[in-house]
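The values are calculated or read from the model by the stated rules, or taken from the named source; none is laboratory data. Model, not experiment: these values are computed from the prediction. Positions of Cβ are generated from backbone atoms using ideal geometry, with glycine treated the same way; all protein chains shown enter the neighbour counts. The area values use the complete protein model at the heavy-atom level, side chains included, leaving out ligands, DNA and RNA. Shrake-Rupley method; radii C 1.70, N 1.55, O 1.52, S 1.80 Å.
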Amino acid sequence: MMKSSRTPLRGIVAALSVVGLWGCIEYEVETTLNPDGSGVRSERIEVDENSDAEFRPTPEAFVSLMNVSEDQGWTHSVEGEKEEAAHVFTRDTRIRRLADWADLSGSVHISGVPEGGAGALGTGVDAANRGLSDVGFWNSVRVEGGRGESGRTYTYREKFYWENLLGALIDFEMGEFKRAFKSRYPDLDPELRGQVIGLVKGGLWTSSEQGRWDMDESERARTFASLIAGLSAESVRLVRVQYPNADDSFFAEAYSRLFVEGSEEADAQFEAWLEEKLPGTVLAGNSEIVYRLNMPGRVVESNAHERDGATLVWKFSPWDAYSTAVEIYAESRVQQ
């Protein structure tokens, strides 16, 4: 896992690697689509014991957050010697016909908050994180088949995405600004205040979806200069409805902190917030998904990262999908 200093939004993703579980979680998925439209999915999650980990949810919390209970079809075993023990969870799912592939949607699920709330974590978390219970990592599967002159064609698509995570991160990121804004202009009309906050949220959301956080601080300063200036001008225009003498210096500085600057103190605050409010995202940040797909016939198109013989292979972290879904795509033809 890569360790990184914090930068706005992008640093939220990088900072996840600072916090450990038992060890890095290896989530392996192997999917085989047969020529008749049937198939099988095999899943394996392996996590090593790590006595030095700072963040150690209870076993019950881990099962709840990763959704690997027996009721969900998983089996659990411990492999290796005690000093190097690994917890292994496995599940096999058989697909009988083409239309049944959609039933795999939602089978991959990492919850932001454990079911049952505070006690499940064993870390003194109170029930406040229940307000984030709709944050989660999911998958969606769509498989289509058709017939052409040269034979049958198959298209496999699977998306991995987060529900409500980006909004939660933006709300956290804006907490300091909201407090400072209210302190600076305490009597501002709620509608005007809401318009300013909406402008800033929109800017953060759009910038995140465009993937602009993979930059160093100087690049971000150049990239966001015009956005910060525009947001500052519009914000002060709204505030002057009630505060005629307001200038844009407060907003320019605040937006620079949001879009450009970072600090170790803010990094530590984020890590503490994440462990308390969204512990499932900590597990996701320490997970790597290795996805292997076997298509019938000849693969004519795919976005696979690599090939292992005839098997298509993708490797990614759940956090790669924090703002935009990760999609697996492949098309193959089976000759008549």
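Structural remarks
- Set of aspartates and glutamates near Lys315 by C-alpha distance (under 17 Å), chain-local residues within fewer than 8 positions excluded: Glu26, Glu28, Glu30, Glu43, Glu46, Glu158, Glu288, Glu306, Glu327
- Take 301-313, 61-73, 194-206 and order them by the average number of nearby Cβ atoms within 10 Å per residue, most first; the result is 61-73, 194-206, 301-313.
- Carbon and sulfur %, accessible surface of the range 171-277 computed with the full protein complex present, 1.4 Å: 49
- All-pairs alpha carbon distance profile, the range 182-272, 5 Å steps from 0, percent: 2, 13, 22, 23, 18, 13, 8, 2
- Area projected by the alpha carbon convex hull of the range 271-311, averaged over all directions, nm²: 4.3
- Taking amide H atoms as placed 1.01 Å from N in the peptide plane, the amide H of Val108 lies under 5 Å from those of Asn139, each 5 or more residues away in sequence or on another chain.
- What you get for the range 229-336, charging only the Cβ of Lys and Arg (+1) and of Asp and Glu (-1), is a dipole of about 660 debye around the Cα centre.
- Set the Cα radius of gyration of the range 232-319 against 2.2 N^0.38 Å, with N its number of residues, and you get 1.97.
- Using the average count of surrounding beta-carbon atoms within 10 Å as a protection proxy, the listed peptides 233-241, 284-292 rank, highest first, as 284-292, 233-241.
- Ranked by how many other beta carbons lie within 10 Å on average, peptides 157-165, 221-229, 328-336 from highest: 157-165, 328-336, 221-229
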